[in-house]
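Engineer: One structure follows; several queries about it will come next.
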Amino acid sequence: MNNLLSELAQIIEQRKQESPESSYVASLHHKGLNKILEKVGEEATETILAAKDAAQNGDNGPVISETADLWFHTLVMLSHLGESPEAVLEELQRRFNISGLEEKASRN
């Protein structure tokens, strides 16, 4: 799975350099961080709504699709900030075997 994230991150980095007229990723980078964050927020909302619908109707397809959109736009955000998905995976790895309650308390 890490390979998939790495491959996607590489594609995002490549497309970042392309013309905004020919690449959606390049157009987001060209519009700047605020536009990227707007897309992350939009996709987060759509994911929440799809999850609520899935809980009612049992169809998880839309929530999977919306989660993929959310993850993708989050990867674009990380790319814009000069970060990689590996940095997030390392943070998740660091949190293994730590109680969620303990980890949250350590941030205060």
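Engineer: Under 8 Å between Cβ atoms, which residue pairs at least 6 apart in sequence (or on different chains) link something in the range 5-16 that is more than 14 Å from E86 (Cα to Cα) with a partner that is open to solvent by 70 Å² or more (accessible area, probe 1.4 Å)?
Structural biologist: Sorted first by the residue in the range 5-16, then by its partner, the pairs are R15/Y24.
Engineer: What single numbered condition from (1) surrounded by fewer than 17 Cβ atoms within 10 Å (Cβ to Cβ); (2) over 13 Å from the mean Cα position of the chain (by Cα) fails to hold for G41?
Structural biologist: Unmet condition: (2).
Engineer: Could you identify the single residue in L5, L70 that is open to solvent by 40 Å² or more (accessible area, probe 1.4 Å), part of a helix (DSSP H, G or I) and under 21 Å from E90 (Cβ atoms)?
Structural biologist: Going through L5, L70 in turn, just one is open to solvent by 40 Å² or more (accessible area, probe 1.4 Å), part of a helix (DSSP H, G or I) and under 21 Å from E90 (Cβ atoms): L5.
Engineer: Need the failing condition index for E21 against (1) of a type in the set (D, E, K, R); (2) under 18 Å from E83 (Cβ atoms); (3) in a loop (DSSP other than H, G, I, E, B), just the number.
Structural biologist: (2)
Engineer: Please pick out the residue among G58, G32 that is over 14 Å from the mean Cα position of the chain (by Cα), of a type outside the set (S, T, Y) and open to solvent by less than 50 Å² (accessible area, probe 1.4 Å).
Structural biologist: After ruling out the rest, the residue left standing is G32.
Engineer: I'm checking my understanding of the structure. Among residues of the range 75-92 that are closer than 15 Å to G32 by Cα and in contact with a Leu (Cβ under 8 Å, 6 or more places away or on another chain), which one is surrounded by the fewest Cβ atoms within 10 Å (Cβ to Cβ)?
Structural biologist: My answer is L81.
Engineer: Filter the range 52-86 for residues that are farther than 20 Å from H29 by Cα and of a type in the set (A, V, I, L, M, F, W, C) and give the result.
Structural biologist: Matches in the range 52-86: A54, A55, V63, I64.
The values are calculated or read from the model by the stated rules, or taken from the named source; none is laboratory data. Predicted model only: the values in this text are computed from it and were never measured. Glycine also receives a Cβ, built like all others from the backbone with ideal geometry; neighbour counts cover every protein chain displayed. Surface areas here come from the heavy atoms of the whole protein model, side chains and all, with no ligands, DNA or RNA. Shrake-Rupley method; radii C 1.70, N 1.55, O 1.52, S 1.80 Å.
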